[in-house]
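The values are calculated or read from the model by the stated rules, or taken from the named source; none is laboratory data. This structure is a prediction, so every number in the text was calculated from the model and none was measured. Cβ coordinates were reconstructed from backbone atoms using ideal geometry, including for glycine residues, and neighbour counts include every protein chain displayed. In case anyone asks, the SASA skips ligands and DNA or RNA and just uses the protein heavy atoms, side chains included. Shrake-Rupley method; radii C 1.70, N 1.55, O 1.52, S 1.80 Å.
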Amino acid sequence: MYQRLMEHLTTAVLLLDGRLQLRWMNPAAEALLAISFMRVQGQALPELVTSVEDMGELLAKARDEFHPFTQREARLTLATGETLTVDYTVTPLTADELLLEVEPRDRLLRISREEALQTRQETIKVLARGLAHEVKNPLGGIRGAAQLLERDLGDSQLTEFTRIIIEEVDRLRDMVDAMLGPNQVGRHAPLNIHKALERVRSLLVVEQPGVTIIRDYDPSLPELTGDEAQMIQAILNVARNAVEAMTESAVPAPSLMLRTRARRQFTLGAERHRLVCEVSLIDNGPGIPERLRETLFYPMVSGRAEGSGLGLSIAQSVLHRHHGLIECDSAPGHTEFRLLIPLEKPHE
């Protein structure tokens, strides 16, 4: 009876013997650790799961001292290579039995991180809209005055200067509009993400022929609902940032991988989604400087001398319109941007 109850718990529960070998585990533990009990029964847990804190040493200490303990936010590396953040509690039951309870923390940490990011994004958006309003009004006045002056000037050499004023005002106005992101209502329709990626790839091949574009698509991905033009723009902005960073840094063999995967039971914000489309853009460039990582998606923030700092901000805005988000992990030689978009419709 008790085993039946344990098998239906959502908490991962494992039973180890005195040699830290697996004696039993419930389905929640199998799902969390991505292992099958039938295949690993009798194997030592520290050989299947590794951690920075040396999990085997801590388990042995609990066994020898016959004293329970809890480890918070431990980083576990599974046999698949995936890394998890968990809390786990070890309770010695007898001299030859250890009960291990494991609670994943990634979801809670992700929710906290994403809520903070979204709050900052909303604050920046309000400030940007206020700034845009204050800037666009005088720009309109300057443009109108330059047009009137151009009409009254008879000398074509002088009208050249008024033309420069008008063109520069238009450039500033376009920059302000770009800072606010797409302002048109999205035309949401069934969208094949691989079609969008192929469009991006074809543009990059023409623009940056020296960069190798690698495709790693999951053909089983269903269509999502979204605005194709906006999604292409978001992916293209991220991809261009990557290839331009590699080109400017003179990376010997620059490459960009376009990869798609399905993520099941995935949390975006505070909402759990049954199925999420993950689009990864992975480059072998110099990486993102530490000082820029916290403000990477803010408008007007750029690590390149010629960058406007609007590309990633616009991409983030597009993903928010699709109820998704962008994540980034970066180190020298490996930078990965992940675009995460729910595959189910909002009413589902």
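Selection of helices (runs of 4 or more DSSP H) fully inside the stretch 23-71 by the criterion of at least 3 residues being exposed (fewer than 13 other Cβ atoms within 10 Å of the Cβ) returns 55-65.
Does GLN147 meet the test of being part of a helix (DSSP H, G or I) and at pLDDT 80 or above? It is true that GLN147 is part of a helix (DSSP H, G or I) and at pLDDT 80 or above.
What number of residues in the stretch 188-212 are free of Cβ contacts under 8 Å to residues at least 12 places away in the same chain and among the polar types (S, T, N, Q)?
Here is the first cut: in the stretch 188-212, the ones free of Cβ contacts under 8 Å to residues at least 12 places away in the same chain are 198, 202, 205-206, 209.
Subsequent filtering for residues that are among the polar types (S, T, N, Q) retains 202.
Within the stretch 188-212, residues that are free of Cβ contacts under 8 Å to residues at least 12 places away in the same chain and among the polar types (S, T, N, Q) number 1.
For first residues located in the stretch 246-257 and in contact (Cβ under 8 Å) with a residue 40 or more places away in the chain, partners that are open to solvent by 30 Å² or more (accessible area, probe 1.4 Å) and charged (D, E, K, R) and lie 6+ apart or on another chain with Cβ distances below 8 Å form the pairs GLU248/ARG304; MET257/ARG215; MET257/ASP216.
Those residues that are among the charged types (D, E, K, R) and either open to solvent by 90 Å² or more (accessible area, probe 1.4 Å) or at pLDDT 90 or above (or both), I need them from the stretch 174-206; list them, please.
Our first condition is that a residue be among the charged types (D, E, K, R); within the stretch 174-206, this holds for 174, 177, 187, 195, 198-199, 201.
The answer is ARG187, LYS195, GLU198, ARG199, ARG201.
Checked against the criterion of being farther than 17 Å from LEU339 by Cα and in contact with a Lys or Arg (Cβ under 9 Å, 6 or more places away or on another chain), the candidates GLU248, GLU278 yield just one match: GLU248. Tell me which of these SER313 doesn't satisfy, since it passes every other one: (1) modelled with pLDDT under 85; (2) surrounded by fewer than 21 Cβ atoms within 10 Å (Cβ to Cβ); (3) not basic (Lys, Arg). It is condition (2) that SER313 fails.
Among the residues of the stretch 237-291, those identified as open to solvent by 10 Å² or more (accessible area, probe 1.4 Å) and touching a helix residue (DSSP H, G or I) at 6+ places or on another chain (Cβ under 6 Å) are ASN237, ASN241, PRO254, ALA270, ASP283.
This table checks each residue for (1) open to solvent by 90 Å² or more (accessible area, probe 1.4 Å); (2) modelled with pLDDT of 80 or more.
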residue: LEU100; (1), (2): no, yes
residue: ARG105; (1), (2): no, yes
residue: ILE111; (1), (2): no, no
residue: THR119; (1), (2): no, no
residue: LEU127; (1), (2): yes, no
residue: LYS136; (1), (2): no, no
residue: ILE164; (1), (2): no, yes
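Of the residues LEU258, LEU221, the single one that is assigned to a strand (DSSP E or B), aliphatic (A, V, I, L, M) and more than 17 Å from SER313 (Cα to Cα) is LEU258. Among the residues of this structure, LEU319 counts as one that is touching a strand residue (DSSP E or B) at 6+ places or on another chain (Cβ under 7 Å), hydrophobic (A, V, I, L, M, F, W, C) and either modelled with pLDDT of 85 or more or surrounded by fewer than 16 Cβ atoms within 10 Å (Cβ to Cβ) (or both).
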